[in-house]
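Just so it is clear, none of the values below were taken in a lab; they were calculated from the coordinates. Computed from a predicted model, the values in this text were never measured in an experiment. Please note: Cβ atoms are built from the backbone with ideal geometry, for glycine as well, and neighbour counts cover all protein chains shown.
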Amino acid sequence: MNLLWELVRKDLRIYIADRRSVMISFLTPVLLACFVGYLFGLGGKTDGPKKVSIAFVDQDHSTFTKDLLAKMKESGSFDIESMTEDKAKHKVSKGDLALAIVVPEGFAAHASRAMLEHSTAPEFKFLIDPSRTIEASLSKGALIRTTMQVLTREVFGSVSATEDNQLPFKIVGESQAVQAETNSSPAAHAFAGMSMQGLLFWAIESAMTLLRERRMGLWKRLRSSPVSPFMFLLGKGISSAIRAMAILAFVFGTGFLVFHFQITPRVENYVGFGLVAIAASLMAASFGLFVAALGRNEQQSRGLSILAVLGMCMLGGAWFPMFLMPQFIQTISKAIPISWAVNGFDGMIWRGLGLTDALQSVGVLLIFTMIFGGIALKRIRWEPEPA
Amino acid sequence: MLEVVGVKKSYGETVAVKNATFSVEPGICYGLLGPNGAGKTSVISIISGTLDADGGTVTLDGEVVTTRSAGPKRKIGYVPQEIALFSEISAIDNLRFFGSLYGLIGQHLSNRIEACLELTGLSDRAKEPISNYSGGMQRRLNIAAALLHEPDLIILDEPTVGVDPQSRNAIFDALEILRSKGKTLLYTTHYMEEVERLCQRVAIMDHGSVIAEHSLAGIKRMLPQTNEVQIEVESGAVVDPATLPGSFSYTWMDSTLTCEITDLNRDLPAVLNALNDLGVRILSVRTRESSLEQVFLHLTGRSLRD
């Protein structure tokens, strides 16, 4: 036990001794998460949400379209401007606008009939800037919801919906899973994603340190001692996991303070969040050992592992919520540890899921930990390969 | 104490050690000599338990040494060729860590750290991060880290590479103290003068094999017995070597005549008399015994530093 403690303590001392490296490992994920959270236009109370500029092409000229336009302007989410379809097309093509909504002639009448008689639905046309599909996708969702609200009021009248946001029915599946404030969930997701990205990049740096130690003959010296490879890797893994947990605590702590999201206030969610954080830290630590064990030299390993981490972040939902991804990527993400960590954090913070869901993420993350650690133990080379 | 028998090691197609056989008696300093690529470091790695041999055996006090044998490893102190230390932390923290690998704890560990720092002359800067140390000081600490657990066999793989003369002397002093305490040293180096100063017995490796193994004096006797004689004569004197006696090999450079003589008592007076008869005024006569470098050159056909 004393030996294990000494192995861990030595690594922590070395880590703390390099203050610049400590700062980078703590601040980088925070800065990235703040930036991504801000980009989603949900930056807490500091600057207010960013409005999306869209065009409104009214070819219907009905009461419905006037109400819809007024309602969208009221929402505060859009900087909306009425114009002709040609002008809207031009502006979207130039990239001045992310999205234009075209309400064709007779839309309101057709839509009302469709709601009451189940007849063919009229077409609702969107013009989208292909370079701003995420912004457009998010806006489309809000536009469809607003349209439904206005249309419902048109069809069922004020008897059913006296207040704008009190519909006579709920849209199933849209927000019922969100327990916390909906405007904080993208920021929370950004912090989960960026913290995991930060951890994996930090794991690569840890692996580079290990390879440097091997090049310097330190592994060889350790190998000449009676310490077993398992004990050596266990010490490395534990010290790395402790550092990873400290980074996670700092990143999420900053998120809680700056973006005002919080863990769903239930004991099981606090426990679940803690367990996901521990499992994610162990996974990141073992990933670092895995990279070090497979690496021939620092340069080669750094390049390959950066590529691997970027791929995992992209496919694992660290950058964008998975619902924005095609179905096949959502399927692939099940095989990527980062997606389980991000889903675990999301579940405990804003999805309002329970401990059982967290344990599922924890279990999968621990399996990844064992796979990475097992390969590292089997493949570790104590000396650089001879030239 | 240490028996190395028929050790072999290959890396893929490259054969690093073909056949290494030698034994080291307790309490001596044993030199392992060879040029770069001779296989010394592979042999050292196998003896220190950091690498497994493909064939042959290494035993220490009767116990087989492998990468998994913890028992013999406790008796070995290994000083790698590289400065294998954590530069970010202090000398004390480094030594505390390396001592703990051998199960040292508490006051005993503190005492051993103090003793090793004193032996290597680093006590006064023990709390500094070693990144502040000179190369020579780091080399000394590299040795100290291998001595904490009081090993019986200390393996030193080129421990003086790139150090200043002051640190080199400090290292030699420390090694001589260790030998006087009965420790066994296995020492590899490029520097012949280090072997001549420290070692009682020598093995010469080349192309992965031990090609000679003997006492230091015995190794030197392997060279055909000749003595190099340098005779400095008065400036301006011209000597035709053909006029000199015997079938010795003569070389003439500036005002110095150099010749290889087998028997000093028999042949040197004849040469000096011949010079005297030619009217050449002799300023000085110097003789030199065969050096280890010459022996090495004779056995391998190449210089140690090749």
Charge sum, other residues only, whose C-beta stays under 12 Å from B:Ala237's C-beta, Lys/Arg counted +1 and Asp/Glu -1: -3
Acute angle (nearest 10 degrees) that the helix A:298-315 long axis makes with the longest principal axis of chain A, alpha-carbon atoms: 30 degrees
Two-site label geometry, B:Ser131 and A:Ser75: point separation in nm, points 7 Å out along Cα→Cβ: 5.3 nm
Cβ-Cβ FRET estimate between B:Ala274 and B:Ser180, R0 fixed at 56 Å, reported to 0.05: 0.70
Under the Karplus curve 6.51 cos²θ - 1.76 cosθ + 1.60, θ = phi - 60°, whole-Hz ³J(HN,Hα) for the range A:57-71, x wherever Gly or Pro sits: 10, 9, 9, 8, 6, 10, 4, 4, 5, 5, 5, 4, 4, 4, 5
For the range A:196-343, alpha-carbon Rg over 2.2 N^0.38 Å: 1.17
Placed amide H near A:Ser53: partners under 5 Å, 5+ positions off or other chain: A:Asp79, A:Ala98
Folded to 0 to 90 degrees: helix A:267-294 orientation relative to chain A principal axis, Cα: 50 degrees
Cα gyration tensor shape for the range B:165-208, rounded if a/c is under 1.5, else prolate or oblate: oblate
Three-way shape call for the protein assembly as shown based on the alpha-carbon gyration tensor, with the a/c threshold at 1.5: prolate
Cβ neighbours within 10 Å from other chains - mean over B:68-80: 3
Fraction of beta bridges assigned by DSSP in the protein assembly as shown that are antiparallel (%, nearest 5): 60 percent
Between the range A:302-368 and the range A:271-300, the Cα center-to-center distance that results, in Å: 14 Å
Residues with amide H under 5 Å from that of B:Ile155, placed H, sequence gap 5 or more: B:Gly77, B:Tyr78, B:Val79, B:Leu186
Sorted peptide list for A:87-96, A:135-144, A:289-298, criterion being average Cβ within 10 angstrom, highest first: A:289-298, A:135-144, A:87-96
Contour minus Cα-Cα distance for B:Asn36 and B:Val64 (0.36 nm per residue): 7.3 nm
Table column - 3J(HN,Hα) (Hz), the range A:9-22, Karplus curve with 6.51, -1.76, 1.60, x for Gly and Pro: 4, 4, 5, 5, 4, 5, 5, 5, 4, 9, 5, 5, 5, 4
Surrounding net charge for B:Val271, when Lys and Arg each add one and Asp and Glu each subtract one, Cβ distance under 12 Å: -3
Cut-off 16 Å, label 7 Å out along Cα→Cβ of A:Arg381, residues of the range B:1-29 by amide N: B:10-16
Distance between the range B:268-282 and the range B:160-202 - C-alpha centres, whole angstrom: 43 Å
Candidates B:Asp93, B:Asp152, B:Asp267: whichever shows maximal mean-square fluctuation once chain B is modelled as a Gaussian network with Cα springs under 10 Å: B:Asp267
Cα centroid separation, the range B:6-54 to the range B:69-139 (Å): 25 Å
Vicinal HN-Hα couplings computed from phi for the range B:45-56 (Karplus, 6.51 cos²θ - 1.76 cosθ + 1.60; Hz; Gly/Pro x): 5, 5, 5, 7, x, 9, 8, 8, 6, 7, x, x
Under 13 Å, Cβ to Cβ, from B:Cys29 - net charge with Lys/Arg +1 and Asp/Glu -1: +1
Anisotropy class of chain B from Cα gyration tensor, a/c 1.5 cut: prolate
Over 19 Å between alpha carbons, listed pairs A:Lys51/A:Lys73; A:Lys51/A:Lys125; A:Lys66/A:Lys94; A:Lys10/B:Lys127; A:Lys91/A:Lys140; A:Lys220/B:Lys18: A:Lys51/A:Lys125; A:Lys66/A:Lys94; A:Lys220/B:Lys18
